[in-house]
Amino acid sequence: MEANNSNKVAPEALISKFEVTKLLKQDQNGRRIVLLGSIDGQQGILTAERTAFATESLAVLKAFHSSITRVNNLGDNDIYRWYLASSGIDADGHPSHDLKLNVIWPCTEQHIKKYSDQVLRMVNETPEIYRDYVRPYMQAKREEGRLNWVFNILEGRTEQEDVLLRDDGHGAENAFLVLPDLNWDRKTLGSLHLLALVQRRDIWSLRDLKKKHVPWLKYLRKRVLEGTVKMYPGLEEDQLKLYVHYQPTYYHFHIHVVNVMLEAGATQATGKAFGLENLISQLETLSGDEEASMADVSLAYYLGEASELWTDIYAPLKRGEKTAGK
């Protein structure tokens, strides 16, 4: 019996001999690809994954920072900035734009908490907890000016070159715009991630949605799907997933639009992401008149232990203590 060809070739030589045929799969937010190809006429599969960042010491982290070159700014708004950059040289001897960088500066203590590793807790937000504690918290955050960057976009002061779609609907109540999420590289359709920002300012989160908003939400869904596939002909409507976060990062209603194939990380997990279609269905079946609201139901979601919602509201409630403002 003839020996397998792979036994006659040095393992290191197989990589250079591999002839790529097509991409089979891309996952881990684009960090791993699976390629179909052949070596000496026999089909093979090559999986390539970028290595994890070295983080074992401050010196290593500083060395990584020092290696960043060819920084290309993709956009900025208020305290947020995002870039493509190089951390090395590609096979042709050119700087490789293999890094997607985001900078928040100056950042707040809340930003530091949000981006730090922390223990997660599931909480059950009843209508009463929402009314007495969470809604006042939302109001306080909005009054701190944390939505300036959103209003800058909506009012045409910043990021207008990044607006992919603007729909004026039938007036301000229906209007919205779509732009890339700052974590998307703006070219890889498999990891597509867009944001639809609504013009109206009376809806802070899904808690403000009422049965009377169902026609508006259906209009939003229809126009966002139509607009996205028109911008990206390589996609079809049933390859897109629309969801909203609760708790959201900022209290102005917005919809996330992602490729269904995008690997679901924490931001798409149960307890964080609520599918738009399911929200519409839930609103349609709520008992009561057109004013029946998502504020009238209990919602389960997770929080990090460093979150102010946990430290100031849910942890005290769990201990049976009074919280701030009550």
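Taken over segment 265-289, the residue count meeting the criterion of being surrounded by 15 or more Cβ atoms within 10 Å (Cβ to Cβ) and not in a helix (DSSP H, G or I) is 5. Counting only residues that are farther than 19 Å from Ala266 by Cβ and in a helix (DSSP H, G or I), segment 103-141 holds 16 of them.
The condition of being of a type in the set (A, V, I, L, M), part of a helix (DSSP H, G or I), surrounded by 10 or more Cβ atoms within 10 Å (Cβ to Cβ) and at pLDDT 70 or above holds for only one of Ala13, Ala48, that being Ala13.
Restricting attention to segment 183-201, the residues being of a type in the set (Val, Ile, Thr) and over 16 Å from Met261 (Cβ atoms) number 1.
Scanning segment 162-193 for residues that are of a type in the set (A, V, I, L, M), crowded, with 19+ Cβ neighbours inside 10 Å and in contact with an Asp or Glu (Cβ under 6 Å, 6 or more places away or on another chain) yields one hit, Leu179. Within segment 290-297, does at least one residue satisfy the condition of being within 19 Å of the chain's Cα centre (by Cα) and either not in a strand (DSSP E or B) or not aromatic (Phe, Trp, Tyr) (or both)? No, segment 290-297 has no match at all. Select from segment 62-94 the residues that are part of a helix (DSSP H, G or I) and at pLDDT 80 or above and write down the one among them that is nearest to Arg146 (Cα to Cα). Checked segment 62-94; the qualifying residue nearest to Arg146 (Cα to Cα) is His65. Could you check, for segment 29-36, whether at least one of its residues is under 26 Å from Gly190 (Cβ atoms) and modelled with pLDDT of 80 or more? Yes, segment 29-36 contains a residue that is under 26 Å from Gly190 (Cβ atoms) and modelled with pLDDT of 80 or more.
Can we say Tyr243 is hydroxyl-bearing (Ser, Thr, Tyr), assigned by TED's automatic domain parsing to the domain that holds Gln199, in a strand (DSSP E or B) and farther than 25 Å from Glu144 by Cα? Considered against the rule, which asks whether it is hydroxyl-bearing (Ser, Thr, Tyr), assigned by TED's automatic domain parsing to the domain that holds Gln199, in a strand (DSSP E or B) and farther than 25 Å from Glu144 by Cα, Tyr243 comes out as yes. Contact map, segment 217-239: first residue in the same structural domain as Phe176 (by TED's automatic domain parsing) and over 14 Å from Leu177 (Cβ atoms), second residue at pLDDT below 95 and in a helix (DSSP H, G or I), Cβ cut-off under 7 Å, separation 6 or more or different chains; pairs are Tyr232/Leu189; Gly234/Leu189; Leu235/Leu189. Scanning segment 298-311 for residues that are in a loop (DSSP other than H, G, I, E, B) and modelled with pLDDT under 95, which turns out nearest to Ser116 (Cα to Cα)? Looking at the filtered set, the residue picked out is Ala306.
The values are calculated or read from the model by the stated rules, or taken from the named source; none is laboratory data. Every value quoted in this text rests on a predicted model; they were computed, and no experiment measured them. Reconstructed Cβ throughout: ideal geometry from the backbone, glycine too, with neighbour counts over all protein chains shown.
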